[in-house]
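**Student:** The following block contains the structure, expressed as structure tokens.
The values are calculated or read from the model by the stated rules, or taken from the named source; none is laboratory data. It should be emphasised that the depicted structure is a prediction, and the values quoted were computed from it without experimental measurement. In this analysis, Cβ positions are derived from the backbone assuming ideal geometry, glycine residues included, and neighbour counts consider all displayed protein chains. Only protein heavy atoms, including side chains, enter the accessible area calculation; ligands, DNA and RNA are left aside. Shrake-Rupley method; radii C 1.70, N 1.55, O 1.52, S 1.80 Å.
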Amino acid sequence: MCPDGETLSAYLDGEIGEPWNTTIQKHLETCERCRQRLKTLQRIDHILLEDYAPDYLESMEKVKRRIQITQVAENSIRPPIWKRKIAVPVPLGIGVAALLAVIFGLYFLFFIPQRNNMRLVRIKTEPLGSTEVQVAAPIEDIEQLLKSLDKSQFSKEVIIKLPGNSKFNMIGEPAIMRETEIYRGK
Amino acid sequence: MLQRKKKNEYPRFEEVYRSLFPTVFRVSYRITGDKGIAEDLCHEAFIKYYEKQGLLPDIEQAKYWLIRVVRNISLNYEKRRIRERKAYTRFKNADIDYEESGEEKIIREETDGMVQKALDKLPYKLRVVLVLKEYAGLNYKEIGSILGISEGNVKIRVFRAREKLAIIFKEGEQYVS
């Protein structure tokens, strides 16, 4: 049986795998009609390949000059810095990201708690021995702290350090002054 | 074993240009049938390549990439050409006195080859496949991958293109006896 045109055309292009390639080859030995069909296809290929083609050397130089001009033009009008693409190698990107994570981590670990300390009261007690105890508590709990210190049998002197930026407003009359006045009145 | 190339081992632009321009130009010319337009296609394709070259580690890959770009741009050109051809036919039918300029004459003479005329008569789909086969030296698999079609489809199109050319040549009675 004769192969169809598509198969013969693919055979010419060396695109037929075995065993079909050998089958077609053998068939062509005995079939004059298929030999002629193949010959026509081969002739077309020869015509295409042997045809005059314009000389590419001249175009090659011409296009090269145009590319150079385009490149010069593109370089002279570079996009503004915020529009430029920056190529960052992947390992460098990961490294920078890790470094930023460490910096932010440290910030949260040290700086943020220090800010919270501004709202804390540091209390130093000097017990009978030379041991120094530091207590830190929120400013809201100050009264409770004082009460607990009163109960401590070793407390002699209590120093309460208030945050440096604390502001106090005088509300009402200090008890000590009132007492003095009461005494004078008497 | 596959080894990833270092960037400085990639082919230089000048090297790629020198070795691939003849093929890219031949393909562009055979698809469009016009030397000036072929130069435009090559210019655009190589400019695009210049921007992308870091991604193409060898000349073979650069070749496929450039041919694919040429084919894409040529498609736009083909659409424009069809529109212009229609407009030109209307223009001629309007019976306006039209004289070909010297430059136009030269361009026309350059593309006056019988083979190119015959290729121009092929539908774009068939022409591209045959040009890639004959003038870029690609096999069916490579053509299929560039055009995004199956190998079987390439096989059919190559044959149909040859079949049509045989008829065109026969009509011209120039080549086929």
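**Student:** Just need a number here: residues in the stretch B:13-48 that are more than 10 Å from chain A (Cβ to nearest Cβ) and over 20 Å from B:L122 (Cα atoms).
**Tutor:** Total meeting the criteria: 5.
**Student:** Shifting gears a bit: Determine, yes or no, whether B:Y135 is buried (at least 18 other Cβ atoms within 10 Å of the Cβ) and over 14 Å from the mean Cα position of the chain (by Cα).
**Tutor:** Working: buried (at least 18 other Cβ atoms within 10 Å of the Cβ): yes; over 14 Å from the mean Cα position of the chain (by Cα): no.
The answer is no for B:Y135.
**Student:** If you don't mind, another one. Being within 22 Å of B:L165 (Cβ to Cβ), surrounded by 16 or more Cβ atoms within 10 Å (Cβ to Cβ), without any contact (Cβ under 8 Å) to a residue 24 or more places away in the chain and touching a Ser or Thr at 6+ places or on another chain (Cβ under 9 Å) is the requirement here; does A:E15 meet it?
**Tutor:** For A:E15, the condition - within 22 Å of B:L165 (Cβ to Cβ), surrounded by 16 or more Cβ atoms within 10 Å (Cβ to Cβ), without any contact (Cβ under 8 Å) to a residue 24 or more places away in the chain and touching a Ser or Thr at 6+ places or on another chain (Cβ under 9 Å) - is met.
**Student:** For the condition in contact with an Asp or Glu (Cβ under 9 Å, 6 or more places away or on another chain), of a type outside the set (A, V, I, L, M, F, W, C) and more than 9 Å from chain A (Cβ to nearest Cβ), what is the one hit in B:G172, B:G137, B:G144?
**Tutor:** On inspection, the qualifying residue turns out to be B:G144.
**Student:** Scanning the stretch A:22-41 for residues that are away from chain B (no Cβ under 14 Å) and either touching a residue at least 60 places away in the same chain (Cβ under 8 Å) or among the polar types (S, T, N, Q) (or both), which turns out surrounded by the fewest Cβ atoms within 10 Å (Cβ to Cβ)?
**Tutor:** Result: A:T30.
**Student:** Let me ask you something else. Which pairs do you get when a residue that is in contact (Cβ under 8 Å) with a residue 24 or more places away in the chain, found in the stretch B:142-154, comes within reach of a residue that is not in a helix (DSSP H, G or I), reach meaning Cβ atoms under 8 angstrom, with the pair 6+ apart or on two chains?
**Tutor:** Within 8 Å, the pairs are B:I146/B:L138.
**Student:** Determine which member of the set A:A98, A:A10 is open to solvent by 50 Å² or more (accessible area, probe 1.4 Å), of a type in the set (A, V, I, L, M) and under 55 Å from the mean Cα position of the chain (by Cα).
**Tutor:** A:A98
**Student:** Answer yes or no as to whether A:A87 is at the interface with chain B (Cβ under 10 Å from one of its Cβ atoms), at pLDDT below 85 and within 30 Å of B:G113 (Cα to Cα).
**Tutor:** Numbers: at the interface with chain B (Cβ under 10 Å from one of its Cβ atoms): yes; at pLDDT below 85: yes; within 30 Å of B:G113 (Cα to Cα): no.
It is false that A:A87 is at the interface with chain B (Cβ under 10 Å from one of its Cβ atoms), at pLDDT below 85 and within 30 Å of B:G113 (Cα to Cα).
**Student:** Against the definition (surrounded by 17 or more Cβ atoms within 10 Å (Cβ to Cβ) and facing chain B (nearest Cβ under 7 Å)), how does A:I44 come out, yes or no? Explain how you work it out, then say what you get.
**Tutor:** Values: surrounded by 17 or more Cβ atoms within 10 Å (Cβ to Cβ): yes; facing chain B (nearest Cβ under 7 Å): yes.
Criteria met by A:I44.
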